[in-house]
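Here's the structure we're looking at; comments come further down.
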Amino acid sequence: MSASTVPPADWLAAATAARAEGFTFCEWLAAVDEIGRPGGRDVLRVLLVLRHLERPTQTRVLATELDRDAPRLASLRTLFAGAGWHEREAGEMFGVEFVGGDARRLLLAAEFEGTPMRKDEVLGARSGSPWPGAKEPGESDASPSRRRMVPPGVPEAEVWGDRDPAAPAPGPAEVAGSAVGGRARRRRTR
Amino acid sequence: MSGPASGHGSIRLVEQNCTSCMVCARECPSWCITIDSHTEPVPDLPAGARERTRNVLDRFEIDWSLCMYCGICVEECPFDALAWEPAHTDAAPSALVLRHGIDELTR
């Protein structure tokens, strides 16, 4: 199931064409933050999975890549009413604006600030609470020594938290790349 | 696959398989698994063999008030020491009672 990537401007037209070909069932729409992974880029990828109802094994996957700083995309809800639900979720979780879509929140509380599924979203409360995985096998207390383990979602303290106040604020790629968890690495740059 | 077919009610610890490797505690997205262990010399080594140590599990705790039953620990355990259990965890009057240790998890 490989996705055909279209420019954001062609999103609605590509979905309309797929629907005309018989892919009339909107199965799934979601976003992926591509930042911070090896070879990752500064984009949000939006994916749409359509299914052919008469040939149910056939799917059509459309993808598009959005600028992380201003992610805007045409809504598909006039084409597939059910896509509106997925767009509301992707919208609030990744901060994507679906033009012509339903901007109401679906899952998040009204007062919640942030875009929790973006990879540079720091789980702040976690950086202040002890992580059960910090211990090594054979330990009952986390030793502050050696090659420290850090949990996913919490950037290394040198990047976020204990960062030198005089240093410039960390960029999204630096925060996301630092929050993947595992062995705390030595600073690669600077 | 040990999934819904065999029941998804809770997670059972197979204590003799656990090597205290910490993989489950590190993979758990809800941070609900707590493990304490220590190392002991392996007894009864052949004469002249280099001294070796093994991990001994002291505490294995799942906090059911935090667990979201995602099963990642069951999938990730390299030693099949965690398994789906059809029976559900009993309701409890307080969240503290939902911290189950080795005794409850191997029952």
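The values are calculated or read from the model by the stated rules, or taken from the named source; none is laboratory data. Bear in mind the structure is a predicted one, so any value in this text is a computation, not a measurement. Neighbour counts run over all protein chains shown; Cβ positions are idealised from the backbone, glycine included. With ligands, DNA and RNA removed, areas are computed over all heavy atoms of the protein, side chains included. Shrake-Rupley method; radii C 1.70, N 1.55, O 1.52, S 1.80 Å.
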Cα centre as origin, Lys/Arg/Asp/Glu Cβ charges: chain B dipole, Debye: 120
Net charge contributed by nearby residues that have their C-beta within less than 11 Å of A:Glu87 (K/R +1, D/E -1): -1
Antiparallel DSSP beta bridges within segment A:4-99, as percent of all bridges there, nearest 5: 75
GNM flexibility winner over chain B from B:Ser37, B:Ser94, B:Ser65 (Cα, springs under 10 Å): B:Ser94
Net charge contributed by nearby residues that have their C-beta within less than 11 Å of B:Trp84 (K/R +1, D/E -1): -1
Label-to-label distance, nm, for residues given as B:Asp103 and B:Thr39 (7 Å Cα→Cβ offset): 3.0
For segment A:4-99: rounded, prolate or oblate by the Cα gyration tensor [a/c cutoff 1.5]: prolate
Local electrostatic count, A:Glu121, Cβ distance below 14 Å [Lys/Arg +1, Asp/Glu -1]: -1
Relative counts (whole %) of C-alpha pair distances in chain B, using bins that are 10 Å wide: 14, 44, 26, 11, 5, 0
Fraction of accessible area attributable to carbon and sulfur, segment B:31-107 (%, probe 1.4 Å): 49
Residue list for segment A:68-101, given a label point 7 angstrom along the Cα-to-Cβ vector of A:Ala109 and an amide N cut-off under 18 Å: A:92-93
The protein assembly as shown - convex hull of alpha carbons, volume per residue in Å³: 212
Estimated buried accessible area (total), pair B and A, 1.4 Å, Å² to nearest 100: 1300
